[in-house]
Structure formats: structure tokens, C-alpha cells
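The values are calculated or read from the model by the stated rules, or taken from the named source; none is laboratory data. Just so we're clear, the structure is a prediction, and the values are computed from it rather than from any experiment. Counting neighbours? That spans all protein chains shown, and the Cβs are built from the backbone with ideal geometry, glycine included.
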Amino acid sequence: MSSTIPLDLPRAADTLEARRFQVFTARDLDRIPGLDRMSAEQRFAMQVVAQVLPFRVNEYVVNELIDWDRVPDDPIYQLVFPQRGMLSPENFDRMANALRGNADRAEIQRLAQSIRATLNPHPAGQMELNVPRHEGEKVEGMQHKYRETVLFFPSQGQVCHSYCTFCFRWAQFVGDKELRFASNEAEQLLDYLRSHREVSDLLVTGGDPMVMKTRNLAQYLEPLLERGLDHVQTIRIGTKALTFWPYRFVTDRDSDDLLRLLDHLVAAGKHVAVMAHYNHPQELSTPIAEEAIRRLRATGVEIRSQGPLLNHINNDAAAWAVLWRTQVRLGIIPYYMFVERDTGARRYFEVPLAQAWEVYRGAMQRVSGLGRTARGPSMSADPGKVEIQGVTEIHGEKVFVLRFLQGRNPDWVQRPFFARFDPDATWLNQLRPAFGEPEFFFEREYRSMIATAKAG
Ligand SMILES: *Cc1c(COP(=O)(O)O)cnc(C)c1O
């Protein structure tokens, strides 16, 4: 593999020494530096919640990103550490009583499973709808919902360097992993892409693909340079490693190999986009985080940022404005602000749509045009990605103005539509059409798509 750019860019070697990746899980809660400041009751509450929701944090996040003088309000602390309010009072008490009563491991597991089952409803038809088929067979580890873009979940990339408390993919980090390792999954992916010329973007996601060794990542990405795959012009990699483990791009043993791989893909003519998950400017506050961004950009990769709006973490226009301004300064392109979707701790994090729009608008007003590339607030809902464009009044009726940024039917994209204003609504399925209309314009067609998928 040849490199077209000098990757031995000057490193601030004195200050940016390699760091050993060291991780804490629920079993280690008592050993985490910083937590000794908490009361016994607070620590117990964490134990309770961590039995149900996934918990994993690494030493860099604990020591460099969290401001322990501001705990429990610190946004990064809220981003990774379990909090009492993340379970309903009933579920919290059930688990707390089990722990206090010294229930055995198996009982706790059973209780945790039964609580989780109430937290993560997966409507069957909708799941079916996203799994693509190739020559009649379901292709595991992939989703193809929007025409241009295929999502791929490499099986070795289904964990993260730390877990976010609000993760909507949380269920895969607890209990049984049904993401089986298929040794031929790279072949399946490539076969599928070869026969789908309409696909221009491959989005490799997880978990976090950046937990993979470079040589494993290369096994999926290098073959995309084959001639039969010219139509796949963009390779996106979804990651939170720029926050949780920027050393991945700077001092890890195969960091340079990773940058060479990305450089090679760019030099061969692909658009490579690192889709970086960010929630708060504090994630960008360390020299290593900046260095990782600088080195990535030196390969010709674009970094685009996205992340959900979350109560307790970033429900604040000023924080988003600083985040976007900092990103623009560092060469990152703001891409999406999401509305938090269904997740284990949804009640704790959700923000009404009306308020989400106020936060978005407030942030937009504080940044220059280069920061206004972030679209949102956007709901990744079953029919498509729906953006809240604003709140206004039409002929005396207060309404939300909405539009599809992505739709299961591309024809839905960019069509404005209207919902009755509801100050408490937090998701598309709680909205009703404005002007007394019986349903939204896409609903009939969407229902028939589900029916067809169920029948198939
Ligand atoms: C968001 C998303 C995409 C990518 O959409 P863009 O608007 O191109 O960023 C692709 N597939 C699924 C399932 C998505 O949720």
C-alpha cells in the first residue's frame, strides 16, 4: 500500500504519549477513580441501573473528559455513567430490592431480562423491512432502507470504547448477542453491493467499527476499490472513537496503518467520511482529541459530525453553538442533530420536539453559515428521517412544519407537511395531521409497505 502524504506529521510527542486502553464495567464500579466522592447511596443506585443497562467506560474518559468537580451535572459523566432516573421508579425498586436481598446471580439476570423486555419494543414488520435480501436469502449484518445508502455492521465492530447511556442500540450490548460471526460476511457485503448499482454510499457502523484492528477493517474496505464497485463512491465510517479513544488515530500500535488505509482509499478516488458522533464541546477539549482530528484530515478524509439532543447532556443552544463552532475551527463539517429515539432510558433523555427545535434554532443563530450545515432536529423514524423545520401558525392553527430528509419512498423526500402543534410530543408517532386531515400523506403507502414485508 503506498502513501501519498507524509503521515509522520509532527506529533506533539512529549505531551501525547501512547496510553494503554483500560476499561471499567459494572463489576469495577468500586474501583473507578472519582466515584469515591459519591455517597454510598449514589453508588448503590449506579449498581442497580448497571444491572439492567449496559455500562462500560474507559480510563481516558474518566480521567480526561469528565470534570469531577461538576459531577453529577457534568455532561460527560451523564453520557457514560448510569443514573437513578434512567430506570422507572418501579423498575429501580425491583432491582434495588433484589440486590439488597442478596439475590443470586441467576435471579438478578432474570429480573434484568424482564425489565429490559419492557424497555425495548421492536415492531416486527419494521425490522423485517430493513433487512435486505440477496438471491432470496436474508443478508445478516446489513440494512438497506434508503436507496443510495447501505448500512453494514461488521461483526467484530459491535462494541464501543465506552457505552453511551442513551444508546439506541443498547440491547445488543447486554444479554445474548445474536450478531453471529459469519466468516463470509465481507463476501456477502461485496456481492450485495456489486448487484446494487443504485448504491452510492456504504455506511460501516456498529457498535463502533474503529474498535477493529486495522487489518480487519481493511478486509472490508480494500475490496471496495475493485472495478465492479465504482458506483460505491462514498465510504462512511460511523464512530465515537474521536471522543472515547482518540489514541486510535495517533498512538495505538496500528494507528499509522489505519491512516495509510484511509489515505489509500482517498487516493484511489473514494470519498471517505468519518461520521463522528459528538454530543458536547467537552469531548473536543483534549490535545489528543485535536491531534486525532488533525491526523485524520491529513489523509483527505472528511469528518462530519452528528449526535442526538439529550436532556441532562446537551439540552442547551449555547452548548450546541460552541460544539459546532469548535468543529468548524477543527475542520469538521456539522451534519445532523438528531432527536433521541426509543432507547432504554428514553424518559430520562427525551426532549419535546418543540423544545428541540428551539435549541436547534438558538444554536443556528449563534454560528456562521459554515456551522449551519447541521440539519435537524431530525427523527430517524420508521417511514424515514423527518426534520422539524419549525413552528408557525397557518390560518389560525398552530402547526409543526415537517419534511422528510430521507424516505422509504424517495418521492417523499423534501415534501413539506404539517402536524398539529403539541408542546409535549417527543416523536413522530405522537403527532397528528394539521387542518383536520385524517392522516399524513405517506401513511397509506407506508402501511402497505409493512404489510408486504410481513407477508414476504
Ligand atoms: C440516516 C440513515 C442513512 C443515511 O442517511 P443520509 O441522509 O444519507 O445521511 C442510511 N440508512 C439508514 C437506515 C439511516 O438511518
**Message:** Looking at segment 148-184 only, could you name the residues that are part of a loop (DSSP other than H, G, I, E, B), within 16 Å of the ligand (Cβ to nearest atom) and modelled with pLDDT of 95 or more?
**Reply:** 148
**Fill in**
Reported set for segment 375-411 where residues are more than 22 Å from residue 168 (Cβ to Cβ) and either within 11 Å of the ligand (Cβ to nearest atom) or of a type in the set (Ser, Thr, Tyr) (or both) is 392
**Asked** Which condition does residue 282 not pass, out of (1) without any contact (Cβ under 8 Å) to a residue 60 or more places away in the chain; (2) more than 20 Å from residue 223 (Cα to Cα), if it passes all the others?
**Response** (1)
**Request:** Identify all residues within segment 314-354 that are part of a helix (DSSP H, G or I), surrounded by fewer than 17 Cβ atoms within 10 Å (Cβ to Cβ) and not hydrophobic (A, V, I, L, M, F, W, C); write none if there are none.
**Result:** 329, 347
**Item:** Criterion (within 21 Å of residue 245 (Cβ to Cβ), within 28 Å of the chain's Cα centre (by Cα), assigned to a loop (DSSP other than H, G, I, E, B) and modelled with pLDDT under 95) met by exactly one of 33, 121
**Value:** 33
**Item:** Filter pass, residue 77 being over 19 Å from residue 241 (Cβ atoms) and of a type outside the set (A, V, I, L, M, F, W, C)
**Value:** yes
**Complete:** Of the conditions (1) in contact (Cβ under 8 Å) with a residue 12 or more places away in the chain; (2) under 26 Å from residue 17 (Cα atoms), the single one that residue 253 does not satisfy is (1)
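Residue-by-condition table, conditions (1) closer than 27 Å to residue 118 by Cα; (2) within 16 Å of the ligand (Cβ to nearest atom):
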site	(1), (2)
333	no, yes
340	yes, yes
365	no, no
373	no, yes
